[in-house]
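The next block holds one structure in the form of structure tokens; read it before the comments.
FYI, it's all coordinate maths here, none of it is from the lab. Everything numeric in this text was worked out from a predicted model, so none of it was measured. Heads up, the Cβs are rebuilt from the backbone with ideal geometry, glycines too, and the neighbour counts pull from every protein chain shown.
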Amino acid sequence: MMKRIQAYFQNEDQAEGVRAKLQALRADRVSVEPIPEENSEMTDLLQGIFSPREEKDNHQRQVLTADISEEDYDRVASIIKESNGHLAE
């Protein structure tokens, strides 16, 4: 059985690194997209999760979406955490 996940990252490099690892696990429909700055609800939520950005930090936060096997869920959660990401509950 497949399970849809969303994970949030502070920058594209982190999200793309996890994308590559998930593709190696045969995850389906893996995508990485920037979170629009205009999405104030999401931006406010992520500020509570990630440390405040420094002035010089011009990276846009990213959301990774994928369909993964339920048996891989714990492994995927670990990969996301190791990459400084946050898995949406």
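What is the gain in length, in nm to one decimal, between Asp28 and Ser78 on full extension, counting 0.36 nm per residue of separation less the C-alpha to C-alpha distance?
Gain on extension, Asp28 to Ser78, equals 16.2 nm.
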So, in nm, how far is label Lys3 from label Glu89 when the simple model puts each one 7 Å beyond its Cα toward the Cβ? 1.4
Potential lengthening between Glu38 and Glu70 on full extension [0.36 nm per residue; Cα-Cα distance subtracted]: 8.2 nm
Amide H of Arg61: which non-local residues (sequence gap of 5 or more, or other chain) have their own amide H closer than 5 Å, using H built in the peptide plane? Ile35
In order through the range 63-72: 3J(HN,Hα) via Karplus (6.51 cos²θ - 1.76 cosθ + 1.60), integer Hz, x for Gly, Pro: 10, 10, 10, 7, 9, 10, 5, 4, 6, 8
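Counting only other residues whose beta carbon sits under 14 Å from that of Glu70, what net charge do I get with K and R as +1, D and E as -1? Intermediate results must be reported in sequence, preceding the final value.
Working: positive: Lys3, Arg4, Arg26, Arg75; negative: Asp28, Asp67, Glu71, Asp72, Asp74.
Charge balance in the 14 Å sphere: -1.
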Sort the following peptides by mean Cβ neighbour count (other Cβ atoms within 10 Å, averaged over residues), highest first: 31-38, 77-84, 5-12. 5-12, 77-84, 31-38
